[in-house]
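To keep things clear, I will list the structure first and then write my remarks on it.
The values are calculated or read from the model by the stated rules, or taken from the named source; none is laboratory data. None of these values were measured; they are calculated from a predicted model. Counting neighbours? That spans all protein chains shown, and the Cβs are built from the backbone with ideal geometry, glycine included. What goes into the accessible areas is simple: the full protein's heavy atoms, side chains included, and nothing from ligands, DNA or RNA. Shrake-Rupley method; radii C 1.70, N 1.55, O 1.52, S 1.80 Å.
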Amino acid sequence: MPLWYNEEQTEGVSFGIKIKEQILSEESQFQTIDIYDTYEFGKLFTLDGLVMLTEKDEFIYHDMIVHVPMAVNTEIKNVLVIGGGDGGTVRELTRYNSIEKIDMVEIDEMVVRASQKHLPFTASKLTDPRVNLFFEDGIVFVKNAQNSMYDLIIVDSTDPIGPGEGLFTKEFYDQCFRILTSEGILINQHESPFYPQFSKEMKRAHNKIKNIFPISMVYQAHIPTYPSGHWLFGFSSKKFHPLEDLKSPRWEMLKLKTKYYNSDLHLGSFALPTYVKEMLEEE
Ligand code: AAT
């Protein structure tokens, strides 16, 4: 009997991946952590039965959440990552020699330990000397952080149910604004535009952020294992415009080999389908 991982992405849509075996299943204080080995996607990591990443397509998400802001401000030195316990975001950040400090605040230490054991490539740079791991709630961390501490904040969080809920609130975005420098950039994983229960959250988040940051835009990527495969990210900033301030030649001089991100795609990722643009204009 073949084994399948099945995720009810909506009440009427189920997404399945054939699995070789289940490698891990544990209950943390916050959520259920499962890791499977699959035929098509390598290892699959889920929280509360929802896909967080697979080894085959995680490069798309992590390229887009990191290289987009880094190519807009190549001088970024201090970075805060909220969530991201699998280490993929940190891995991409550590490729920049110019970055001096990365604080990563993950609520669930068990996610980090499971990733280090079973997703070694994704978690490979969590031991980089520039990385400081904090196991606490990102909401509390930003409240206690000093003004103007970070050049970049990346919110690599779960969806707004469970522990990730508070990371989609106005209070949280206000704190992010406060602790960013005058050149600061905030990047959010922003849900999918396609199914209403996801797009509803994206619209709510975008409406809150655009009232706080002078520049707030949305960009997209194709992530096969996320609901609908069409995923959005938010780019907000106190100073930099993600297109007008893109430093393509400077970024290309760094000669980072990326599998998804490139300068043309950077520009293209901000060109949104009409229905998404209309959603973003709705109050
Ligand atoms: N890198 C892609 C994987 C993730 S996982 C998101 C992480 O956010 C999880 O490890 C979770 O424990 C952590 N997290 C959730 N809430 C908080 C919080 N309040 N403070 C700190 N960390 C938190 C992102 C997947 C995106 C899925 C899209 N469908």
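Whether any residue in region 135-144 is free of Cβ contacts under 8 Å to residues at least 60 places away in the same chain, surrounded by fewer than 16 Cβ atoms within 10 Å (Cβ to Cβ) and either assigned to a strand (DSSP E or B) or in the same structural domain as residue 31 (by TED's automatic domain parsing) (or both) is what I want to check.
no
Can you pull out every residue in region 134-162 that is in contact with an Asp or Glu (Cβ under 7 Å, 6 or more places away or on another chain) and of a type outside the set (D, E, K, R)?
134, 135, 160, 162
Determine whether residue 204 is under 20 Å from residue 231 (Cα atoms) and more than 10 Å from the ligand (Cβ to nearest atom).
Yes.
Within region 1-13, work out how many residues are outside any loop (DSSP other than H, G, I, E, B) and open to solvent by 60 Å² or more (accessible area, probe 1.4 Å).
4
Only one of 221, 205 is within 17 Å of residue 190 (Cβ to Cβ), of a type outside the set (D, E, K, R) and touching a residue at least 60 places away in the same chain (Cβ under 8 Å); which?
Of the residues listed, the single one that is within 17 Å of residue 190 (Cβ to Cβ), of a type outside the set (D, E, K, R) and touching a residue at least 60 places away in the same chain (Cβ under 8 Å) is 221.
Can you spot a residue in region 14-34 that is open to solvent by 30 Å² or more (accessible area, probe 1.4 Å), out of contact with any strand residue (DSSP E or B) (no Cβ under 6 Å at 6 or more places or on another chain) and more than 20 Å from residue 107 (Cα to Cα)?
Checked against the condition, which is being open to solvent by 30 Å² or more (accessible area, probe 1.4 Å), out of contact with any strand residue (DSSP E or B) (no Cβ under 6 Å at 6 or more places or on another chain) and more than 20 Å from residue 107 (Cα to Cα), region 14-34 yields no hits at all.
Taking the residues in region 84-108 that are closer than 20 Å to residue 59 by Cβ and part of a strand (DSSP E or B) as candidates, determine which candidate is farthest from the ligand (Cβ to nearest atom).
In this case the residue turns out to be 102.
With the structure loaded, tell me whether residue 110 is farther than 25 Å from residue 237 by Cβ and in contact with a strand residue (DSSP E or B) (Cβ under 7 Å, 6 or more places away or on another chain) or whether it fails that test.
Judged against the criteria, residue 110 is a match.
Give the residue that is farthest from the ligand (Cβ to nearest atom), with candidates limited to residues of region 109-134 that are in a loop (DSSP other than H, G, I, E, B) and surrounded by 21 or more Cβ atoms within 10 Å (Cβ to Cβ).
126
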